[in-house]
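Participant: Please find one structure pasted underneath; my questions will follow.
The values are calculated or read from the model by the stated rules, or taken from the named source; none is laboratory data. All values reported here derive from a predicted model rather than from experimental measurement. So basically every Cβ, Gly included, is an ideal-geometry build from the backbone, and we count neighbours across all protein chains shown.
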Amino acid sequence: MLKPSKIITIVLVIFGLHVAWQSLSPTFVIAQVSPDTASTNNKIISTKNILIAVEKIRIGVDPTAIIGEVRAGLWGIVTEQFSASDLGDGSNFIATVYKVLKDAGYKPAADTVTDSDKGDVSVFGDMNQDTQRKSSSARFLVGGTITKVWMTVASDAWAGWSTDIDMNVKWEVYDTDQKKVIYTKESYAVDAGGGRTNAYYQTVMAKSAEKLFSSPEFELALQKAITNPLPTTLPSSSNITTPLVRPSSLLPK
């Protein structure tokens, strides 16, 4: 039987060999950067000082399409209909959107330029290829396309006039530095009230714009565009620990 002193000696030798083996094991350094960490490590620039222009509001509904009606009496008989031509050419909505932009705390540009409607899928068309938009000082351009609108005006002998309206707008944000659309959002809004007036077109447009400018995704899109991007180059060799090559003389027999 082995003596206790010999057992202790054997255990210490085995432990020492284990420690020595671990010290010779290959060592790797793996760097991982998550998108969340990357965004917090970058310098955050306030978007409230970046000029934003309302470039264009486009009517995406056929001018002859019926977008509303007047219903009279208890039976709701249709006495009149509205066509999309009542919306105008869209430029009449720009001042409304500018006001909402300013109320949201952003800095509106005063040099917006309205292009002719080319019928493109995007409200900005081929802006990244043309040369007519060179004088703007705005970094970001906002454009919207009205894709749906419906207004019902009811006439009642006792209650008088009442109006219900809903509108859907496809919003796009264009970055003049990157020369591309960086954010899109479909915004549906409704409004209702007494009386009969085309002013409801403006109020429902304002509500749609409020949903855009108050959206966290809108602010995030601006932040991503103006924040310095992460470096795309590989780290220098001095920051990488290469695996150690174990000499054959040190390998276990």
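Participant: Looking at segment 173-182 only, could you name the residues that are surrounded by fewer than 21 Cβ atoms within 10 Å (Cβ to Cβ) and assigned to a strand (DSSP E or B)? It would help to see each step written out before you state the result.
Facilitator: Our first condition is that a residue be surrounded by fewer than 21 Cβ atoms within 10 Å (Cβ to Cβ); within segment 173-182, this holds for 175-182.
Within segment 173-182, ASP175, LYS180, VAL181, ILE182 qualify.
Participant: Scan segment 52-79 for residues that are assigned to a strand (DSSP E or B), more than 25 Å from THR96 (Cβ to Cβ) and not hydroxyl-bearing (Ser, Thr, Tyr) and jot them down. Walk me through how you get there before you give the answer.
Facilitator: As a first pass, look at segment 52-79 and keep what is assigned to a strand (DSSP E or B): 52-59, 66-72, 77-79.
In the following step, the residues that additionally are more than 25 Å from THR96 (Cβ to Cβ) were identified as 71-72, 77-79.
ARG71, ALA72, ILE77, VAL78 - these are the residues of segment 52-79 that are assigned to a strand (DSSP E or B), more than 25 Å from THR96 (Cβ to Cβ) and not hydroxyl-bearing (Ser, Thr, Tyr).
Participant: Moving to a separate point now. What about VAL61, is it out of contact with any Asp or Glu (no Cβ under 8 Å at 6 or more places or on another chain), at pLDDT 90 or above and not polar (S, T, N, Q)?
Facilitator: Values: out of contact with any Asp or Glu (no Cβ under 8 Å at 6 or more places or on another chain): yes; at pLDDT 90 or above: yes; not polar (S, T, N, Q): yes.
Taking the combined requirement at face value, the residue satisfies it.
Every residue, every condition in (1) under 20 Å from LYS185 (Cα atoms); (2) at pLDDT below 95, yes or no:
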site: VAL97; (1), (2): yes, no
site: ALA109; (1), (2): no, yes
site: GLY119; (1), (2): yes, yes
site: GLN132; (1), (2): no, yes
site: GLY144; (1), (2): yes, no
site: VAL149; (1), (2): yes, no
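Participant: I've got another one for you. Report, by residue number, each residue of segment 80-102 that is surrounded by fewer than 13 Cβ atoms within 10 Å (Cβ to Cβ) and either touching a residue at least 60 places away in the same chain (Cβ under 8 Å) or part of a strand (DSSP E or B) (or both).
Facilitator: GLU80, GLN81
Participant: How many of the residues in segment 185-221 are of a type outside the set (Phe, Trp, Tyr) and either closer than 18 Å to ALA104 by Cβ or part of a helix (DSSP H, G or I) (or both)?
Facilitator: Of segment 185-221, the ones of a type outside the set (Phe, Trp, Tyr) are 185-187, 189-199, 202-212, 214-217, 219-221.
Still in the list and also either closer than 18 Å to ALA104 by Cβ or part of a helix (DSSP H, G or I) (or both): 185, 187, 189, 199, 202-212, 214-217, 219-221.
Of the residues in that region, 22 qualify.
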